[in-house]
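A short worksheet on the structure shown next.
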Amino acid sequence: MNVARKANQSAMVVEKKKTEVLATECRGMSKYGKAPKLSDDKIERMVKELKDRDEKRQSLNRRRKFQEEKDIDSINDRNEHFNKKIEHAFGKYTLEIKNSLERGIALPD
């Protein structure tokens with residue numbers, strides 16, 4: 001029984017060493033914690049890509065400006081949002097009334 005146990009243990013040790021070698025080869029590392037050497041070309045390409053991403057994000061990220069030519073018909077931001085929704089839903093039906101009010105002909109004498 002001791003012979004079988006020793007043979008089993010030695011087989012397990014050999015199997016363990018094989019898996020460690022395979023794992024090391026898969027990671028591309030010769031020793032634990034050491035990364036493979038990268039070429040300068042790949043590093044420069046990565047830095048260029050990161051800078052391009054940053055520039056694109058800066059160009060797209062802009063603060064929306066207040067439109068001075070737009071008529072003010074709200075008292076706060078929440079009311080402005082409500083007015084936009086109402087205009088979107090009923091604007092085509094109230095256009096004639098708004099134009100009459102603006103011209104001053106809709107008011108009674």
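For the condition aromatic (Phe, Trp, Tyr), at pLDDT 80 or above and over 34 Å from the mean Cα position of the chain (by Cα), residue 82 does not qualify. The listed residues are 101, 95, and the only one of them that is in contact with a Leu (Cβ under 9 Å, 6 or more places away or on another chain) and at pLDDT 80 or above turns out to be 101. I'd like to know if the range 18-35 contains one or more residues that are assigned to a loop (DSSP other than H, G, I, E, B), of a type outside the set (A, V, I, L, M), at pLDDT below 90 and under 29 Å from the mean Cα position of the chain (by Cα). There is no residue in the range 18-35 that is assigned to a loop (DSSP other than H, G, I, E, B), of a type outside the set (A, V, I, L, M), at pLDDT below 90 and under 29 Å from the mean Cα position of the chain (by Cα).
The values are calculated or read from the model by the stated rules, or taken from the named source; none is laboratory data. Bear in mind that the values here come from a model prediction, so they are computed numbers and not experimental data. In this analysis, Cβ positions are derived from the backbone assuming ideal geometry, glycine residues included, and neighbour counts consider all displayed protein chains.
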